[in-house]
Amino acid sequence: MFGESVERLNRFVALLAEQGVERGLIGPREIERIWDRHVLNSAVVGELVPEGAHVVDVGSGGGFPGVPLALARPDISITLLESMARRVQWLEEVLDELSLENADVLRGRAEEKAVRAELGAVDVVTARAVAPLGRLAQWCLPLLRTGGLLLAVKGASVAEEIARDEAIVEKAGGESIDVVQCGVDVLEVPATVVVIEAAPRSVRSRKGRRRRR
């Protein structure tokens, strides 16, 4: 899965094991589960990312799924979007330590006008353990080009979340919602990913105006 990047991935895992708990990135019980619960669970999302895509990882935190994705997919470019200064510092240290040239770090929130203006219209937005689906769609869909994909890594209760938030997602500009299992041949428990395709920007704009009336 990681090819020539496996040594850098091992270094990333070592950094997390050494510093992750102290720096508030993972809990003490997560150290033994870094590989399956965090690293591989993140990397398999790459199955859904088109070749050469520009990806924004919203709420990147400790670097998930963004850093494993960048290591597994050198053909894509990833912006790690994070609002907390201490986590931004961690991400910048990681990119420097790993010499990860296809990733960069941006401090901010997806819903901020300045962030949206700087990023433009991207191909894919990823998010893992960031927010409920409806709120996530409101934050992230404006970052996407027409037909772009929001890939939200979710848990076992995803069907209930979709049923609850489907109308919000549609109003935010989601044209379709699908649930995909990633890493079926790699993970004992595959990653559950909600895939939301962005409607044309003109449609999203009209929906937005209707909501503000």
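The values are calculated or read from the model by the stated rules, or taken from the named source; none is laboratory data. Values in this document were obtained by computation on a predicted structure and should not be read as measured data. Note that each Cβ is placed from the backbone with ideal geometry, even for glycine, and that neighbours are counted across all protein chains shown. Ligands, DNA and RNA are stripped out before the accessible areas are found, and what is left, the full protein with its side chains, is counted by its heavy atoms. Shrake-Rupley method; radii C 1.70, N 1.55, O 1.52, S 1.80 Å.
The LYS171 and ARG11 beta-carbon pair, evaluated with R₀ = 41 Å, returns a calculated FRET efficiency of approximately 0.40.
Computed about the Cα centre, the dipole magnitude for segment 98-184 is approximately 240 debye when only Lys and Arg (+1) and Asp and Glu (-1) carry charge, each at its Cβ. Evaluating 6.51 cos²θ - 1.76 cosθ + 1.60 at θ = phi - 60° for every residue in segment 52-58, the Karplus couplings come out as x, 6, 9, 10, 10, 9, 7 Hz, glycine and proline recorded as x.
What shape does segment 50-162 have by the C-alpha gyration tensor, where a ≥ b ≥ c are the square roots of the eigenvalues, rounded means a/c under 1.5, and otherwise prolate means a/b greater than b/c and oblate the rest? Verdict is rounded for segment 50-162. When the solvent-accessible area of the chain is split by element, carbon and sulfur atoms take up 47 percent of it, the probe being 1.4 Å. Which residues does the label zone of VAL184 cover in segment 131-174, counting backbone N under 15 Å from a point 7 Å along Cα→Cβ? The answer is none.
Full extension of the chain between ARG37 and ARG145 gives 35.9 nm of extra length, using 0.36 nm per residue less the Cα-Cα distance. Projected onto its three principal axes, the C-alpha set of the chain covers 52, 35, 32 Å, listed from the longest axis down. Distant-in-sequence amide contacts of LEU106, defined by a placed amide H-H separation under 5 Å and a gap of 5 or more residues or a different chain, comprise LEU80, LEU81, GLU82. Averaged per residue, the chain has 49 square angstrom of accessible surface, using a 1.4 angstrom probe with ligands and nucleic acids left out.
Across segment 100-114, rounded Karplus estimates of 3J(HN,Hα) from the backbone phi angles (6.51 cos²θ - 1.76 cosθ + 1.60, θ = phi - 60°) give 8, 7, 9, 9, 9, 10, 10, 8, x, 10, 4, 7, 6, 4, 5 Hz, Gly and Pro being marked x.
So if I take the centroid of the Cα atoms in segment 148-202 and the same for segment 59-96, what is the distance between those two points in Å? Here the answer is 21 Å between Cα centres. Only Lys, Arg, Asp and Glu carry charge here, each on its Cβ (+1 for the first two, -1 for the last two); on that basis the chain has a dipole of about 1580 debye about its Cα centre.
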